[in-house]
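Structure, as structure tokens:
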Amino acid sequence: PYVKDLIKPGDTVILVTPIDLGAPKGRLIMPQVKAIREILDADGIPIICKERELLQALNKLKEKPALVITDSQVFNLIAADVPEEIPMTSFSILSARQKGNLRILIEGLRMMDRLKPGDEVLIAESCTHHPMEDDIARVKIPRWLENHCGGNLKFKSVQGTEFPEDLTKYKLVVHCGGCILNRREMNHRIDRAAENSVSITNFGLIISNLKKVFPRAILPFGEYRNLLGQNNYNKSLEMTIHMSKLTEI
């Protein structure tokens, strides 16, 4: 399932859907629509708002929501507004769980801390679109990764059906949620990375780790919480509590 196994009938779920340059005019994107439909199918109550209206939405509820799902780009903004006892994740991470292998994608985060200036990173998107100003795949994630590793990295971007057969020159593959791929194709790409001994992770996971909210982002999936090590988890959780006071992206 995408989300319906995480809630029960009558639960309220808040969906945070930023309307920015990358948002399609006049409609929602597929992961947001999928979440709404599954919540309805599970007899839950979806509430949709933009990131700036989240606090207002929370304050209007008589009971705490069972789950908050957000666009990954505003993870730290949402973490600052959502009380720690409320589970929180992103559309991209839900897609990673449904379409791929969440365990492998979480373990791929280990390579993030091993990147060195000059290393090559593949950014893969399953859909095709014209890059926007401050594009998440071509601008934001590369910028955040370079800041993290302390130097310039070599990035290669691919879209649609394009996915290299030979991945050996890359230290890390960062893949989108794969919302338009079927499970077989997404796992084929994950398997290809494994065959090339290359780490692979997901947009939502790597953004949550870069923004120090990883523990909260996977809290709804408790069985995966300690994959990066209990010490790392505890340290990251302490940082999450500290970072939740900050609102810069």
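Pairing each residue of region 90-111 that is within 11 Å of Asn187 (Cα to Cα) and in contact (Cβ under 8 Å) with a residue 24 or more places away in the chain with any residue that is basic (Lys, Arg) and surrounded by fewer than 24 Cβ atoms within 10 Å (Cβ to Cβ), provided the two are 6+ apart or on different chains, yields C-beta distances under 7 Å for Lys99/Arg183.
Taking the criterion of being assigned to a loop (DSSP other than H, G, I, E, B) and open to solvent by less than 30 Å² (accessible area, probe 1.4 Å), the only residue of region 56-65 that qualifies is Pro65. For Asn76, the conditions (1) in contact with a Lys or Arg (Cβ under 7 Å, 6 or more places away or on another chain); (2) in a strand (DSSP E or B); (3) polar (S, T, N, Q) are fulfilled apart from (2). Scanning region 165-184 for residues that are open to solvent by 30 Å² or more (accessible area, probe 1.4 Å) and in contact (Cβ under 8 Å) with a residue 40 or more places away in the chain, which turns out nearest to the chain's Cα centre (by Cα)? Taking the candidates together, the pick is Cys179.
A quick yes/no check of all residues on (1) within 23 Å of Arg138 (Cβ to Cβ); (2) of a type outside the set (A, V, I, L, M, F, W, C):
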site	(1), (2)
Pro18	yes, yes
Lys34	no, yes
Ala57	no, no
Ala79	no, no
Gln98	no, yes
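Condition first: in contact with a Cys (Cβ under 8 Å, 6 or more places away or on another chain), open to solvent by less than 10 Å² (accessible area, probe 1.4 Å) and either acidic (Asp, Glu) or part of a helix (DSSP H, G or I) (or both). Can you find one or more residues in region 94-108 that meet it? Within region 94-108, one or more residues are in contact with a Cys (Cβ under 8 Å, 6 or more places away or on another chain), open to solvent by less than 10 Å² (accessible area, probe 1.4 Å) and either acidic (Asp, Glu) or part of a helix (DSSP H, G or I) (or both). Can you find a residue in region 134-146 that is in contact with a helix residue (DSSP H, G or I) (Cβ under 8 Å, 6 or more places away or on another chain), among the acidic types (Asp, Glu), touching a residue at least 12 places away in the same chain (Cβ under 8 Å) and open to solvent by 40 Å² or more (accessible area, probe 1.4 Å)? For region 134-146, residues in contact with a helix residue (DSSP H, G or I) (Cβ under 8 Å, 6 or more places away or on another chain), among the acidic types (Asp, Glu), touching a residue at least 12 places away in the same chain (Cβ under 8 Å) and open to solvent by 40 Å² or more (accessible area, probe 1.4 Å): present.
Across region 13-38, the number of residues qualifying as part of a helix (DSSP H, G or I) and either free of Cβ contacts under 8 Å to residues at least 12 places away in the same chain or more than 17 Å from the chain's Cα centre (by Cα) (or both) comes to 4.
The values are calculated or read from the model by the stated rules, or taken from the named source; none is laboratory data. In this text, all values refer to a predicted model and were calculated from it rather than measured experimentally. In this analysis, Cβ positions are derived from the backbone assuming ideal geometry, glycine residues included, and neighbour counts consider all displayed protein chains. Side chains included, ligands, DNA and RNA excluded: accessible areas come from the protein's heavy atoms. Shrake-Rupley method; radii C 1.70, N 1.55, O 1.52, S 1.80 Å.
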